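Have a look at the structure below, then the notes.
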Amino acid sequence: MQITVVKHPLVQHKLALLRAENVSTNKFRLLTEELARLLAYEATRDLPLETTMIAGWCGPVEVQQVKGKKLTVVPILRAGIGMLNGVLDLVPSAKISVVGLARNEETLQPEPYFEKFVGNLEDRLALIIDPMLATGGSLVATIDMLKRNGCKDIKAIVMVAAPEGVKLVNDAHPDVEIVAASLDSHLNELGYIIPGLGDAGDKIFGTT
Ligand code: PRP
Ligand code: URA
């Protein structure tokens, strides 16, 4: 499976706090942002570097800097917005593309309602962010949209993934790596991840 589960103790600790039944909206938001920051650190581990010379305090010094790789972060509305600031803390000059998808709670199919991509997608790494990868329909639809618009280099950062969703994404887009805090057990009959977090969008936006 093209999934990297980040076992770092801070990631696992924050995920444990997110899973608590009575977590407040405020705490859920803060933890989502913190977790996104840690997962983005892992997802950007292989950004290409280049060696350059700069003027240092004691004269010229050879340093390593991220090679002019352009990046776009792609939050899937709504819940992906909860991860956005955490990721931007690490890559503050990244451009933002937005995809609006709502999962139909009966068919479990994603229904697109918005898309706005930045230019030059063919030259950019796209980092899709969404807390939940359940059936995988939303992530596959987002990757399809990005590829249709020329994007060739795509990673997805999710907090919790279900095996069913990872398989769907892997089968449709084996080139896309998924970085997650957890690969959970399964989906229940309503398409919710077990043990999961419940409805991440509702918890972030306080709509429960
Ligand atoms: C949730 C979640 C994902 C999607 C995952 O969003 O944030 O986008 O469901 O499900 P899937 O893998 O089965 O497609 P939802 O559609 O509930 O919208 P929201 O973010 O507006 O709450
Ligand atoms: N969307 C969520 O927010 N949670 C799930 O468990 C599945 C889809």
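Read the figures in this text as sums done on the coordinates, not as results from a lab. Because the structure is a prediction, the values reported are computed rather than measured. Positions of Cβ are backbone-derived with ideal geometry, glycine not excepted, and every protein chain shown enters the neighbour counts.
For the reader, a short list of remarks on this structure follows.
- Among the residues of region 171-206, just one is surrounded by 12 or more Cβ atoms within 10 Å (Cβ to Cβ), more than 14 Å from ligand 2 (Cβ to nearest atom) and in a helix (DSSP H, G or I), namely Ala172.
- Output for region 129-151, where each listed residue is in a helix (DSSP H, G or I) and small (Gly, Ala, Ser): Gly137, Ser138, Ala141
- Residue match in region 115-123 (condition: surrounded by fewer than 12 Cβ atoms within 10 Å (Cβ to Cβ) and more than 16 Å from ligand 2 (Cβ to nearest atom)): yes
- First in region 186-208 and in contact (Cβ under 8 Å) with a residue 12 or more places away in the chain and closer than 16 Å to Val158 by Cα, second anywhere and within 9 Å of ligand 1 (Cβ to nearest atom) and among the basic types (Lys, Arg), Cβ under 6 Å, 6 or more apart: Gly201/Arg78
- Test: residue in region 3-23 that is over 30 Å from Pro174 (Cβ atoms) and touching an Asp or Glu at 6+ places or on another chain (Cβ under 7 Å): no
- Residue-level check: of (1) assigned to a strand (DSSP E or B); (2) under 13 Å from the mean Cα position of the chain (by Cα), Gly100 misses just (2).
- When Lys147 is tested against (1) more than 16 Å from ligand 2 (Cβ to nearest atom); (2) surrounded by 15 or more Cβ atoms within 10 Å (Cβ to Cβ); (3) farther than 22 Å from Glu111 by Cβ; (4) more than 14 Å from the chain's Cα centre (by Cα), just one condition goes unmet, and that condition is (3).
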